[in-house]
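What follows is a set of notes on a single structure, which appears directly below.
The values are calculated or read from the model by the stated rules, or taken from the named source; none is laboratory data. Treat the numbers as computed from the prediction; the structure is a model and nothing was measured. Here the Cβ positions follow ideal geometry from the backbone for every residue, glycine too, while neighbour counts run over all protein chains shown. For the accessible areas, the whole protein counts, side chains as well, though only heavy atoms, and no ligand, DNA or RNA atoms are used. Shrake-Rupley method; radii C 1.70, N 1.55, O 1.52, S 1.80 Å.
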Amino acid sequence: MEAVINKWNHIYSRTDQERYPATQVLTENEFLLPLTGDVLDLACGLGANAVFLAERGLAVTAWDISFVAIDKLKDYAVQQGLNINACQEKIAAASFIQCSFDVIVVSRFLDRTLSDAIIGALRPGGLLFYQTFTREKVSPEPPNNPDYLLTENELLTQFSPLRLIFYRENALIGNQLRGLRNEAQFIGRKRN
Ligand SMILES: C[S@@+](CC[C@H](N)C(=O)[O-])C[C@H]1O[C@@H](n2cnc3c(N)ncnc32)[C@H](O)[C@@H]1O
C-alpha cells in the first residue's frame, strides 16, 4: 500500500488543480443534482468533482489515499471559500461505516469490493454518478491493468440494486473517432 501512496503522491506533486476538469457524467447531468445535501467525491485526487459540487452549494466530503492531493485540495478549498471536508483515507468498505450521503461521485477509480458499501452509504433517493475506464477502450494510454478496467456492462451489474437513471458505454461500435470510447458512465438512484 505504501507503493500506491508514493505513486500518487509523486503524480500529484507535479500536477495542479486546474488541469483536471470534473467528470463528464457529472457536468453533463448537473441538472439531476439536489439543491442541498451531503456528497462524497470518492478517490477524489485533486478534487475537480469536489470543487464542482461545492460550487453548487453542496456540502462535500472528499477522500483520497494521497496526502499530497488532499493537502492541495484543502488549500484550494480555503482559498476559494468552498465547503469541502478533504480527508486522507485508504478507502475500504469500513470507511463508509456511519456515513451517509445524498450523492456519491466516483471517477477514474475502480475497487470492486466497495460496491455494496457505496450503495449502503447512499441515502434513500440518493444518486451515484460513476465514470471510469473500460477494457474495450480505444486509447493505449494507462490504465491497462484489467483489474482497474470495467468489463462489458459491469457498472450495471455492480450497481443493479439502484434504479438506473443513465448509462452510456459505446464499446467499439461505429466510428471510433467519435463518442465516448474509453470509459463507461452510470447514474443510479437508491430506491426510497
Ligand atoms: C485516476 S485517479 C482519479 C482521481 C479523480 N477521481 C479524477 O477523476 O481525477 C485515481 C485516484 O485514486 C486514488 N486511490 C487509489 N487507491 C486508493 C485507495 N485504496 N484509497 C483511496 N484512494 C485511492 C489515487 O490516489 C488517485 O487520486
Q: Take each of the peptides 76-87, 99-110, average the number of other beta-carbon atoms within 10 Å over its residues, and list them starting from the highest.
A: 99-110, 76-87
Q. What dipole magnitude, in Debye to the nearest 20, does the chain give about its Cα centre under +1 on Lys/Arg Cβ and -1 on Asp/Glu Cβ?
A. 320 debye
Q) Out of G126, Q24, A92, whose Cα points farthest toward the positive end of the dipole of segment 2-189 (charges: +1 Lys, Arg; -1 Asp, Glu; placed on Cβ)? A) Q24
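Hey, what did the chain get for relative contact order, percent, Cα under 8 Å, at least 6 apart?
Numbers: 365 pairs, mean separation 34.6, N = 192.
Across the chain, relative contact order equals 18 percent.
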Q. Which residues' amide hydrogens lie under 5 Å from the amide hydrogen of E183, considering only partners 5 or more residues apart or on another chain, with H built in the peptide plane?
A. T134
Q.
Can you list residues from other chains, or at least 5 along the same chain, whose modelled amide H is less than 5 Å from the amide H of I165?
A. I187, G188, R189
Q: Work out from phi, with θ = phi - 60° and the Karplus expression 6.51 cos²θ - 1.76 cosθ + 1.60, the ³J(HN,Hα) of each residue of segment 31-43, listed in order in whole Hz, and give x for Gly and Pro.
A: 5, 7, 5, x, 6, 9, x, 9, 10, 10, 9, 8, 6
Q | Along principal axes, Cα extents of the chain, largest first, whole Å | A | 46, 42, 30
Q.
What percentages make up the Cα-Cα pair-distance distribution of segment 4-103 when the bins are 10 Å wide from 0?
A. 16, 49, 31, 3
**Q.** Summed side-chain charge close to L156 - residues other than L156 whose Cβ falls under 13 Å, Lys, Arg +1, Asp, Glu -1
**A.** -1
(Q) Could you check the spin-label model distance between E28 and R135? Points 7 Å from the Cα along Cα→Cβ, value in nm. (A) 2.4 nm
Q: Give me the percent of the accessible area of segment 2-189 that comes from carbon and sulfur atoms, probe 1.4 Å, all protein chains in place.
A: 51 percent
Q) Taking only protein heavy atoms and a 1.4 Å probe, what accessible area per residue, in Å², does segment 81-192 have with all protein chains in place? A) 53 Å²
Q | Label zone at S100, where the point sits 7 Å out along the Cα-to-Cβ direction: segment 175-190 residues whose backbone N lies under 18 Å | A | 189-190
